[in-house]
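Undergrad: Before I ask anything, let me first share the structure, which is written out below as structure tokens.
Every number in this text was worked out from the coordinates using simple rules, so none of it is lab data. The model shown is predicted, which means the values in this text are computed figures rather than measured ones.
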Amino acid sequence: MSRISLYSTIFLPVLAIFGATSCYAAPVPKAVAMPVAAVVAEKLPAPATDDDTADDSSDTKAAAPVTKTAPAKQAAQIILPTRRPGDDPADDTPVVDTDETTPLPPYPPHALTSIGALQTYAMGEEDTLEDVARYYKLGYVELRAANPKVDPWTPVPGEPVTIPSFHLLPRAKQVGIVVNLAQMRMFYFKTPGKPPVTFPIGIGREGLLTPTGETSIVNKVVGPTWFPTPRMREEKPYLPAAVGPGPSNPLGTHALYLGWPEYRIHGTDKPWAIGRRVSSGCMRMYPEDIKTLYNMVPVGTKVTVVDQPILVAWVGDTLYLEANPSKSQNIDIEINGEHQDKDLTDGLRKVIIDAAGVPADKIDWDAVKDAVRERAGYPVVIGGNEDKDDSADEKKKASPPAPPHSFFKASTETRYNYNPE
């Protein structure tokens with residue numbers, strides 16, 4: 001049986017069953033998954049402890065965490081996105097999108113502004129987007145946002161997909177670990193002045209958000225023990241008081257404890273949760289990535305968490321804009337591959353002009369509007385240092401500014417026989 005058949009006949013129905021009893025449900029259509037799940041459920045044992053995807057360690061996290069930085073402006077929009085299959089109908093927690101009209105802080109002096117390069121990959125007969133995402137160290141929503149027309153589970157063999165491994169760096173001090181929640185990505189600045197090591201992460205869902213601010217790593221543990229909170233055990237009485245090291249531990253094999261007592265950076269027993277907003281506030285990593293990071297970072301490493309969906313930066317003489325999906329769009333992309341468009345507002349236009357540091361007529365606003373609408377999650381060119389010529393004939397002849405690094409390259413790698421462990 002092919003891997004695609006296994007996904008469609010076994011993996012997805014089982015995810016639908018377990019998702020219905022945890023904080024997350026699998027991204028498969030309810031009309032398809034539920035009848036199959038109902039049949040399979042009769043043959044399955046009672047839910048095990050590894051079914052729970054929440055990973056908080058304090059009952060105080062039932063409420064939205066307090067941001068550790070100065071209060072931001074209120075979000076401009078509240079949207080109730082399409083529900084995940086299996087979500088509790090009684091859970092009406094609204095999704096509050098980050099206010100994108102908040103001015104971006106400046107980059108530190110001499111800061112790096114980008115990392116990586118875009119690539120392409122031809123889908124194989126047994127590939128899924130989750131397979132490819134893990135191979136290229138991407139999150140699921142990150143890859144799907146860049147390829148909205150690709151079927152995530154049964155793509156056409158040979159179909160090219162964009163590998164969004166080119167990113168603008170968050171606007172923060174480039175010291176230690178920097179996390180941008182909007183990118184669902186971590187950057188570890190191991191060596192000052194050198195490009196950071198980057199990893200995709202899973203983060204907190206609505207109502208149990210990962211906080212922003214500054215903290216540090218205060219402890220490192222191999223084989224951590226997971227203690228479900230009283231709130232979690234009340235919601236799921238089948239959970240034990242503790243889950244020790246092993247394959248069913250939601251914390252995975254390694255954990256980095258933060259100065260925020262309720263939060264950790266850790267592995268997971270559910271790699272498909274990376275690149276999704278499904279945790280109880282902790283930051284999850286692929287099992288192979290948490291081992292790498294664990295061996296890199298010492299206790300005392302600074303951790304900075306920001307939430308910057310819109311990034312603007314100069315890379316050499318070229319101006320780029322990276323528009324990442326909002327919280328509500330993330331959920332819709334995860335389920336449907338599509339999202340509700342957001343218009344370019346006057347407030348966001350001002351943010352982009354201020355961050356670019358050039359007059360408005362030096363910016364390609366058609367490219368900006370497309371990027372803000374599409375939310376592909378990787379940088380696009382919106383200007384350069386050349387004088388802008390408004391002549392239609394000259395504009396047709398003009399070529400976009402050439403980036404100073406390899407902006408786009410075809411992949412020569414193969415994902416097959418890939419063993420992340």
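Undergrad: Would you please state the base-10 log of I(q)/I(0) at q = 0.09, 0.14 1/Å for the stretch 107-263, with intensities from the Debye formula using one equal scatterer on every alpha carbon?
TA: -0.41, -0.93
Undergrad: Now for a different question. The stretch 165-248: D in µm²/s via Stokes-Einstein (Kirkwood Rh, Cα pairs, 20 °C, 1.002 mPa s)?
TA: 135
Undergrad: For residue 210, list long-range residues whose amide hydrogen, built 1.01 Å from N in the peptide plane, is under 5 Å from its own amide hydrogen.
TA: 204
Undergrad: In Å, what is the Rg of the alpha-carbon atoms in the stretch 226-346, and how long is Dmax?
TA: For the stretch 226-346, the Cα-based Rg and Dmax read 18.2, 58 Å.
Undergrad: Quick one: of 270/302; 137/291; 137/236; 327/369, which pairs are farther than 23 Å apart, Cα to Cα?
TA: Violating the 23 Å Cα-Cα cut-off are 270/302; 137/236.
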